[in-house]
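Accompanying notes for the structure given below.
The values are calculated or read from the model by the stated rules, or taken from the named source; none is laboratory data. Quick caveat, the model's predicted, so the values are computed rather than measured. Please note: Cβ atoms are built from the backbone with ideal geometry, for glycine as well, and neighbour counts cover all protein chains shown.
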Amino acid sequence: MTTLALAPAIDRVPRRARPVRELLAGTLFVVPATMLLLAIILAPLLCLLILSVTDYEIGAMQIRWLGLANFEKALSDPVFRRAMGNTLLYVALVLPGGVFIGLLVALLVHGRTRSRAFYEVAYFLPVTATLIAMAAVWQFLLHPKLGPVNGLLKAAGFPEMAFISEPSLLIPTLAAIGLWNLIGFNMILFLAGLTAIPRDLYDAAEIDGAGGPIDRFLTVTWPQLAPTTMFVAVTTSITAFKVFDTVAVLTRGRDGSEVLLYAIYLEGFQYFKIGYSAALTVIFLAFMLAFSVFQAFQLDRKVHY
Amino acid sequence: MADIAIRNVEKSYGKTAVLHGINLEIADGEFLVILGPSGCGKSTLLRMIAGLEGITRGEIAIAGRVVNTLEPRERGCAMVFQNYALYPHMTVAENIGYALKVAGLPKAERERRVAEIARIVGLEAFLARRPSELSGGQRQRVAMGRAMIREPKVFLFDEPLSNLDAKLRVQMRLEIRRLHQRLQATSVFVTHDQIEAMSLADRIVVMNQGRIEQAGPPRLLYAEPATRFVASFLGAPAMNLLPATIVAKDRARMADGTEIALDPGRFVVEIGQAVEIGIRPEDVMIVWPGSEGAHALEVEFTEDMGSSRLIHTRLGGMEFTVLQPAAQIEAEGHLPITIPEDAIHLFDRHSGKRLERHIPVIGTAASAAA
């Protein structure tokens, strides 16, 4: 009945006017959300872009327009280039490690029935622990003389390893700590993915003759987890690109162990070169964006059926 | 081609027993439907035949070979699942041919057989598609094709039609029946839908709470249900069941005093025995008002079902439905009916068992003679 009553009222509006009115109404509805989006996300980014082409320093009375000079300087700056290389190495270690160890742990924990809750909590604890606080613990654990890790190595007949002072070991050590921190989170994501796999598929695989653990994994688990794996890979690489706290606490960038975020922090908050640090941030963001978009588009085609 | 023998099979999960000593012989080429409400253990029994569930006690033999310890793929069974269980990342052709690939058949041979099966199930045009690009009916066809390609000795169907809409369900039912006629493979079909069971089965096994209530051809189960449970489960609209007490060899009385006449020659009853009288809605006779022995039923409402009408009434205070051909005049107010004595089913109220001189065969009807 309502429709019948409304129909004449709508008809009274001239036919041509209706799209315009609808457009106007639609636009008005969209305005508040758009304003919020602009104010909260896009405005700060615009600020960043503007700062990145100036020589602004905290406390400076003047701002000069530099054009792309900051970017040119960054790309020829050996410290920044080293930071970039270190970050890429860190990501190259943490990304596959985080995905595959996380998956392995999830598969093992998923098979438990009564002890599952215990393992979930145990693996998730490092995620909740503050990395800065835990860095102190790692510093002790990895200490060349006092640390139990080196104690074990020596007991097993290996030479002493200077994990936090030998320059070539710095990034791998940081990556190991990063992994320790990250695995639990990835495990939870993979567990959620595993729970969502229909049991029927395993039954079907078993009837088809693919009942062994490896067959089951390759036929059902791995393809079914593909969307989860992609999500885990993207979030892991973003987390890895943003490595900062362990560097800030354990190495402070010494012996060439700077990473991108730490370099930005030094320029902006230690040397107060806001303009230059903004330019580095823009490079960092562009990098992350390109990486994520590449991952998403490349993998998306393969993981959604 | 294979017969299946299920002997004293029990299944428990910890202390909870879900199947209590099942005995069933399924003949070579037979289409057997296991019918029962959810939780009656029918799917568990099917999965035990397939090898997806362990057997707690007893044994299952396929083609004379005990399969208790055999892997699913060694049992020669193919299974069609309720949710199709297709591999979403594989195309239709890969799904159908996967078992052959696992078995290590050469690619050319595989492709030839996939094409042949696709032709039988009518999927030739869809071989390159992924399951997500198919409709429900097409997916079910892929699942059937996947089962057929292994040329199994036994087909197992686990409620394969319950996810389809009503029209498609009827269509797929016919296709399954046609397929069975063509392949003549032993088939076990699990369902909770009695119409599916009646229309597909050579023989129906009705299960309830982990036990077989009755097994036999659809017609026999419908005409002579061995228990009250079978009587109420088979038939739509459901059989009327009226609690009553035997007051004489030829009469039972309901709580409010309504008396129903019984054929004294048919039933073995004792005076004072608590019974339930079963009458199928279509067996009730509508008579002229004032006819001898007629009950006047109070009409509550009528459901029009096109070819017939279902009249909801009360008899002796209990709900009572009458099925009437649509051609007859619509009943209003009071409906005079009689209950033909030979249409009455009588069940003991405590044991639920059918009361009759001639007791229908319970359990493994096909093998009763063996």
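Might you check whether a residue that is under 21 Å from residue A:221 (Cα atoms), among the small types (Gly, Ala, Ser), surrounded by 15 or more Cβ atoms within 10 Å (Cβ to Cβ) and within 14 Å of chain A (Cβ to nearest Cβ) occurs anywhere in segment B:53-76? Walk me through how you get there before you give the answer.
Applying the first criterion (under 21 Å from residue A:221 (Cα atoms)) to segment B:53-76 yields B:53, B:71-73.
Add one more test, that the residue is among the small types (Gly, Ala, Ser), and what stays is none.
Checking segment B:53-76: not a single residue is under 21 Å from residue A:221 (Cα atoms), among the small types (Gly, Ala, Ser), surrounded by 15 or more Cβ atoms within 10 Å (Cβ to Cβ) and within 14 Å of chain A (Cβ to nearest Cβ).
Can you list the helices (runs of 4 or more DSSP H) found entirely within segment A:166-222 that contain at least 2 residues being within 12 Å of another protein chain (Cβ to nearest Cβ)?
On the way: elements: A:167-195, A:199-207, A:213-216.
Correct list: A:199-207, A:213-216.
(1) among the small types (Gly, Ala, Ser); (2) away from chain A (no Cβ under 14 Å); (3) in a loop (DSSP other than H, G, I, E, B): which one isn't true of residue B:21, the others all being true?
For residue B:21, the failing item is (3).
Return a yes/no flag: does segment B:30-46 have any residue that is among the aliphatic types (A, V, I, L, M) and assigned to a loop (DSSP other than H, G, I, E, B). Write out each step before concluding.
To start, the set of residues in segment B:30-46 that are among the aliphatic types (A, V, I, L, M) comprises B:32-35, B:45-46.
Pick out the ones that are also assigned to a loop (DSSP other than H, G, I, E, B) and you get none.
So far as segment B:30-46 goes, no, none of its residues is among the aliphatic types (A, V, I, L, M) and assigned to a loop (DSSP other than H, G, I, E, B).
Residues being in a strand (DSSP E or B) and not aliphatic (A, V, I, L, M): count how many of those fall in segment B:59-94. Let's see the steps before the verdict.
Taking segment B:59-94 and keeping what is in a strand (DSSP E or B), we get B:59-62, B:65-66, B:77-80.
Still in the running and not aliphatic (A, V, I, L, M): B:59, B:65, B:77.
Number of matching residues: 3.
If I filter segment B:250-265 down to residues being in contact with a strand residue (DSSP E or B) (Cβ under 8 Å, 6 or more places away or on another chain) and assigned to a loop (DSSP other than H, G, I, E, B), which single residue comes out as surrounded by the most Cβ atoms within 10 Å (Cβ to Cβ)? Explain how you work it out, then say what you get.
As a first pass, look at segment B:250-265 and keep what is in contact with a strand residue (DSSP E or B) (Cβ under 8 Å, 6 or more places away or on another chain): B:250-255, B:258-262.
Still in the running and assigned to a loop (DSSP other than H, G, I, E, B): B:250, B:254-255, B:258, B:262.
Values: B:250: 17, B:254: 17, B:255: 12, B:258: 15, B:262: 23.
Step by step, filter segment B:250-265, then rank; the result is B:262.
Quick check: is even one residue across segment B:26-44 on the phi > 0 side of the Ramachandran plot, within 11 Å of another protein chain (Cβ to nearest Cβ) and within 25 Å of the chain's Cα centre (by Cα)?
No: zero hits.
From the list A:272, A:284, A:297, which one is under 18 Å from the mean Cα position of the chain (by Cα), closer than 30 Å to residue A:65 by Cβ and more than 14 Å from chain B (Cβ to nearest Cβ)? Break it down stepwise before answering.
Values: A:272 fails: under 18 Å from the mean Cα position of the chain (by Cα); A:297 fails: closer than 30 Å to residue A:65 by Cβ.
Just a single option satisfies the conditions, and that option is A:284.
One line per residue, one yes/no per condition, for (1) free of Cβ contacts under 8 Å to residues at least 24 places away in the same chain; (2) touching a helix residue (DSSP H, G or I) at 6+ places or on another chain (Cβ under 8 Å):
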site: A:230; (1), (2): no, yes
site: A:234; (1), (2): no, yes
site: A:245; (1), (2): no, yes
site: A:264; (1), (2): yes, yes
site: A:268; (1), (2): yes, yes
site: A:274; (1), (2): no, yes
site: A:287; (1), (2): no, yes
site: A:290; (1), (2): yes, no
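Would you be able to say whether some residue in segment A:207-230 is in the same structural domain as residue A:133 (by TED's automatic domain parsing), more than 23 Å from the chain's Cα centre (by Cα), surrounded by fewer than 22 Cβ atoms within 10 Å (Cβ to Cβ) and closer than 20 Å to residue A:82 by Cβ?
There is no residue in segment A:207-230 that is in the same structural domain as residue A:133 (by TED's automatic domain parsing), more than 23 Å from the chain's Cα centre (by Cα), surrounded by fewer than 22 Cβ atoms within 10 Å (Cβ to Cβ) and closer than 20 Å to residue A:82 by Cβ.
Return the residues of segment B:125-135 that are surrounded by 15 or more Cβ atoms within 10 Å (Cβ to Cβ) and either more than 13 Å from chain A (Cβ to nearest Cβ) or within 20 Å of residue B:155 (Cα to Cα) (or both); say none if nothing qualifies. Talk me through it step by step, then tell me what you get.
Quick first cut of segment B:125-135, residues surrounded by 15 or more Cβ atoms within 10 Å (Cβ to Cβ) only: B:126-127, B:129-131, B:134.
Of everything in segment B:125-135, those that are surrounded by 15 or more Cβ atoms within 10 Å (Cβ to Cβ) and either more than 13 Å from chain A (Cβ to nearest Cβ) or within 20 Å of residue B:155 (Cα to Cα) (or both) turn out to be B:126, B:127.
With respect to residue B:150, is the statement that it is assigned to a helix (DSSP H, G or I) and either touching a residue at least 40 places away in the same chain (Cβ under 8 Å) or at negative phi (or both) true? Explain how you work it out, then say what you get.
Working: assigned to a helix (DSSP H, G or I): no; either touching a residue at least 40 places away in the same chain (Cβ under 8 Å) or at negative phi (or both): yes.
So residue B:150 fails the test.
For every residue, the table says whether it meets (1) touching a helix residue (DSSP H, G or I) at 6+ places or on another chain (Cβ under 8 Å); (2) assigned to a helix (DSSP H, G or I); (3) at pLDDT below 90.
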| residue | (1), (2), (3) |
| --- | --- |
| A:7 | no, yes, yes |
| A:15 | no, no, yes |
| A:27 | no, yes, no |
| A:30 | no, yes, no |
| A:33 | no, yes, no |
| A:40 | no, yes, no |
| A:48 | yes, yes, no |
| A:61 | no, no, yes |
| A:71 | yes, yes, yes |
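Taking the stated definitions as given, is residue B:174 outside any helix (DSSP H, G or I) and more than 14 Å from every other protein chain (Cβ to nearest Cβ)? Spell out the reasoning first.
Details: outside any helix (DSSP H, G or I): no; more than 14 Å from every other protein chain (Cβ to nearest Cβ): yes.
Against the criterion (outside any helix (DSSP H, G or I) and more than 14 Å from every other protein chain (Cβ to nearest Cβ)), residue B:174 does not qualify.
Tell me, please, whether a residue that is of a type in the set (Phe, Trp, Tyr), closer than 30 Å to residue B:212 by Cα and out of contact with any helix residue (DSSP H, G or I) (no Cβ under 7 Å at 6 or more places or on another chain) can be found in segment B:288-297. Before the answer, list the steps.
Of the residues in segment B:288-297, the ones of a type in the set (Phe, Trp, Tyr) are B:288.
From what is left, the residues that are closer than 30 Å to residue B:212 by Cα are none.
Scanning segment B:288-297, I find no residue that is of a type in the set (Phe, Trp, Tyr), closer than 30 Å to residue B:212 by Cα and out of contact with any helix residue (DSSP H, G or I) (no Cβ under 7 Å at 6 or more places or on another chain), so the answer is no.
I need every pair where a residue in segment A:117-142 that is not in a helix (DSSP H, G or I) has its Cβ under 7 Å from the Cβ of a residue that is not acidic (Asp, Glu), sequence separation at least 6 or different chains.
What qualifies is A:142/A:149; A:142/A:163; A:142/A:164; A:142/A:173.
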